[in-house]
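The values are calculated or read from the model by the stated rules, or taken from the named source; none is laboratory data. Predicted model only: the values in this text are computed from it and were never measured. Here the Cβ positions follow ideal geometry from the backbone for every residue, glycine too, while neighbour counts run over all protein chains shown. Accessible surface areas use protein heavy atoms only, side chains included; no ligands, DNA or RNA. Shrake-Rupley method; radii C 1.70, N 1.55, O 1.52, S 1.80 Å.
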Amino acid sequence: QKVSVEVLDHLEHLALVDFRDSEGVERLQKAIQFADQLQEVNTDGVEPMDSVLEDRWCLYLREDDVTEGNCTKELLENAREKLEEYFVAPPGNIPLPKLEERETFLQGC
């Protein structure tokens, strides 16, 4: 099945992945076909699970004690840009093409 331009546009903005080449679009189509196989699985009478570990009576958790750290100032010195006590990341590392450019590209796929 073909992936629409609108779906590609939406996925590119969510995942910051560029699908402008045929290999990327083909890989996405194969992933969708693989996921569609899940629709064929009969789940009648199967109770939804809260966790894959729900059959265990006791989950062994470690204590959440801080044993080292408190080095926020030193870590933030590595940041090119920071806001309050957070790293500022760019909205994406790829320039996304305009919707019209993708429509012409997809006609070749």
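Here are a few things to note about the model shown:
- Sparsely packed GluC sites (Glu not before Pro) within the stretch 1-91, loop by DSSP, other Cβ within 10 Å at most 13: Glu54, Glu63, Glu68, Glu77, Glu81, Glu84, Glu85
- Kirkwood Rh, angstrom, the stretch 1-40 [1 / mean 1/r, Cα pairs]: 10.7 Å
- Of the trypsin sites (Lys or Arg not before Pro) in the stretch 1-46, those whose Cβ has at most 11 other Cβ within 10 Å and which sit in DSSP loop: Lys2
- If you sort Thr67, Thr72, Thr43 by accessible surface, 1.4 Å probe, largest first, the order is Thr67, Thr43, Thr72.
- Of the chymotrypsin sites (Phe, Trp or Tyr not before Pro) in the stretch 29-70, those whose Cβ has at most 16 other Cβ within 10 Å and which sit in DSSP loop: Trp57, Tyr60
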